[in-house]
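Throughout, read-outs are computed from the coordinates displayed, never taken from laboratory work. Only a predicted model underlies this, so the values are computations on that prediction, with no experimental measurement involved. Don't worry about glycine lacking a Cβ; one is built from the backbone with ideal geometry, like all the others, and counts go over all protein chains shown.
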Amino acid sequence: MSVDTVSLTGWGRTAPTTALRFRPRSYEEAAATVRGCGPRGSIARGLGRAHGDAAQNAGGSVLDMTALDRVRTVDAAAGVVVCDAGVSLHRLADVLLPLGWFLPVAPGGRYITVGGAIGSDVHGHNHRAAGSFARHVMEFELLTADGEIRTVRPGTPLFDATAGGLGLTGVILSATLRFHPVATSLMAVDTQRATGLDDLMARMTAGGRHRYEYAWVDLTARGRATGRGVLRRGEHAPLDALPAHARRTPLAFRSSAAVPAAPFPVPDLVPGGLLGRMSAAALNEIGYRRAPRSRTGELQRISAFFHPLDGAPHGTRVPGRSGFVHYEFTVGPGREETLRRIVGRIARRRCPSFNAVLKRFGESGPGWLSFPEPGWSLALDLPAGLPGLARFLDSLDEEVAGAGGRVCLTDDSRLRPGALAAMYPRLPEFRALRAELDPKGAFRSDLSRRLSL
Ligand SMILES: Cc1cc2nc3c(=O)[nH]c(=O)nc-3n(C[C@H](O)[C@H](O)[C@H](O)COP(=O)(O)OP(=O)(O)OC[C@H]3O[C@@H](n4cnc5c(N)ncnc54)[C@H](O)[C@@H]3O)c2cc1C
C-alpha cells in the first residue's frame with residue numbers, strides 16, 4: 001500500500017488541505033488503515049470529482065480507493081455487475097455497453113468511482129425515470145469503524161444512511177449493481193432553444209416522454225431573455241435508427257479520445273484569477289447561438305450527450321486560479337417562483353456563471369442525505385474569487401430553504417451549518433446512526449467538520 005502526504009482539493013479547486021493519503025490494494029489493507037487511523041479520522045476518496053471538500057480530511061487520513069478497481073463478475077443475461085468500489089463509471093460503461101447494458105444513472109461526469117456514486121447518491125439526466133444511483137444498488141460491502149466488513153442491502157437504516165452519506169458511515173469496498181438494457185451505444189437526441197426561463201420550464205413541464213432530459217441555461221442573459229436556454233432530450237437509439245455501416249457494430253462503445261463538442265464552452269485557466277463578466281456573457285451567447293433552434297433525432301455518442309464537460313478528463317478547465325464554487329439546489333413543485341427569483345437575481349447581479357444546468361427530478365431515493373427530491377434542480381459554476389460571493393450565496397440558501405428546497409452537499413464548499421436542518425429533515429437520524437456506529441469518529445471529512453454532520 002502506498003502512503004504519502006498530499007494537499008487535496010475537490011473538483012472546484014478551492015480550500016486545499018493536507019492529509020496522509022493511503023492507497024489500499026486489498027480490503028485487508030483498507031481495514032488496517034481504518035483501524036489505525038489517528039484522532040483526525042479518515043475518509044474514503046474516489047476520483048475527487050465532488051466539487052467541494054467532501055473527500056478531504058485536513059490533518060487526518062484519506063483512503064484513495066482507486067487501486068481497488070476490479071470488475072469481479074458480470075451477469076450478461078441479467079445486467080448485474082459485482083465490482084470493487086474504486087472502479088470508474090467510464091470503465092463499467094466500457095465493459096457493459098458491448099454486452100447491451102448501460103449505466104442505470106449516468107451523471108455529468110463519467111470519471112467517478114462506484115464508491116463515490118453511492119457516497120453521493122449521484123443523479124443523472126434520467127432522474128424522473130430512474131431515480132438516483134442508490135436505487136440500482138442491490139447490495140454493497142461496507143467497512144465500518146470497528147474494522148468489520150458488513151453486507152448492506154436496501155431497506156435497512158445502514159443502506160439509507162450510506163446512500164448519499166458522503167463516506168461518513170464507512171468505506172464502501174464493493175457493490176452489486178443492476179444495469180439498464182440498450183440496443184445500441186448511440187443516443188437519439190432532440191434539441192430545442194427556449195427564449196426565456198418561462199418558455200424553458202413550460203417545455204420541460206410539457207415533456208416527460210424522453211428517458212433523459214436537461215437544459216443548459218444562459219444565466220448571463222437579462223431582460224426578457226433571462227433564463228433562456230437549450231433543452232436537450234435523449235433516448236438510447238434503436239437499431240433501425242443507425243446508418244447501415246453502424247448497424248454492424250451497434251454496441252461499440254464509441255467514447256472516442258476526441259474532445260466531444262461542448263454545448264457550453266468552458267475556458268481554460270484565465271490569468272488574473274477571474275473570468276470577466278463580458279467574456280462569460282460572450283461565451284454563453286456563443287453556446288446559445290450555436291445550438292439549433294429545433295432539431296430531432298440527431299445521433300450522438302454517449303460521451304457527447306452525457307459528458308460534454310469530460311472533454312479534458314483529467315485537465316483543469318477552471319475559470320480562474322482561485323477555483324470555482326459549484327452551487328446546486330432544488331425547489332419543489334409549486335415553488336417555481338423561487339426558481340424564477342433566483343435566476344433573476346443571478347442575472348441582474350451579472351454573475352459570470354457557467355455550465356448552468358436545469359433538470360426536473362422525480363421521486364426521492366431512500367438516502368437520508370441524498371440530494372434529489374421531486375421538483376426542479378439548478379446547478380451552476382461561479383468563480384470563487386467573485387467579490388461578495390459568500391454573502392450572495394448565503395442569501396440564495398435562505399431563499400432555497402424558505403421554499404423547502406435544499407443545496408447539494410457533495411458539491412458544496414461553503415454552506416453554513418445553520419441552514420442544514422431545514423434542508424435535510426432526516427439529519428437527526430443520520431447523526432444518531434453515526435454516533436452509534438462510529439462513537440469515536442473514525443470517519444470524518446472537512447465537510448463533516450464544517451457542517452457538524
Ligand atoms: C464534470 C462533472 C459533472 C458532474 N455531474 C454530476 C451529475 O450530473 N450528478 C451528480 O449527482 N453529480 C455530478 N458530479 C459530481 C460527482 O459525480 C460526485 O461528486 C461523485 O461522488 C464523485 O465521485 P468520485 O469517485 O470522484 O468521489 P469523490 O469526489 O472522491 O468523493 C465524493 C464523496 O463520496 C465519498 N466516497 C468516495 N468513495 C467512497 C467509498 N469507496 N466509500 C464510501 N464513500 C466514498 C467521499 O467520501 C465523498 O464524500 C459531477 C462532477 C463533475 C466533475
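Take peptides 219-230, 71-82 and line them up by average Cβ neighbours within 10 Å, highest first, as a rough protection proxy.
Put in order of decreasing packing, that is 219-230, 71-82.
Which percentage, to the nearest 5, of the DSSP beta bridges contained in segment 27-160 is antiparallel?
Antiparallel: roughly 70 percent of the beta bridges in segment 27-160.
For the ranges 398-404, 128-134, 434-440, what's the packing order if you count other beta-carbon atoms within 10 Å of each residue, average per peptide, and put the highest first?
Result, highest mean first: 128-134, 398-404, 434-440.
In whole percent, what relative contact order does segment 1-159 give with Cα contacts below 8 Å and a gap of six or more residues?
17
Using Cα centres only, tell me the gap between segment 60-91 and segment 166-183 in whole Å.
Between the Cα centres of segment 60-91 and segment 166-183 lies a distance of 8 Å.
Where the only charges are on Cβ atoms (+1 Lys, Arg; -1 Asp, Glu), what is the dipole of the chain about its Cα centre, to the nearest 20 debye?
1260
As a test of understanding, state the convex hull volume per residue of the chain from its alpha carbons, in Å³.
133
Going by Cα centres, segment 1-32 and segment 382-438 are how many Å apart?
25
Between T205 and A252, what's the calculated FRET efficiency when r is the beta-carbon distance and R0 is 45 Å? Round to 0.05.
Computed FRET efficiency for T205 and A252: 0.80.
Show me 239-251, 142-154 ranked by packing, highest mean number of other Cβ atoms within 10 Å first.
142-154, 239-251
Let me have the relative contact order for the chain, percent, based on Cα pairs under 8 Å that are six or more residues apart.
About 19 percent, as a whole number.
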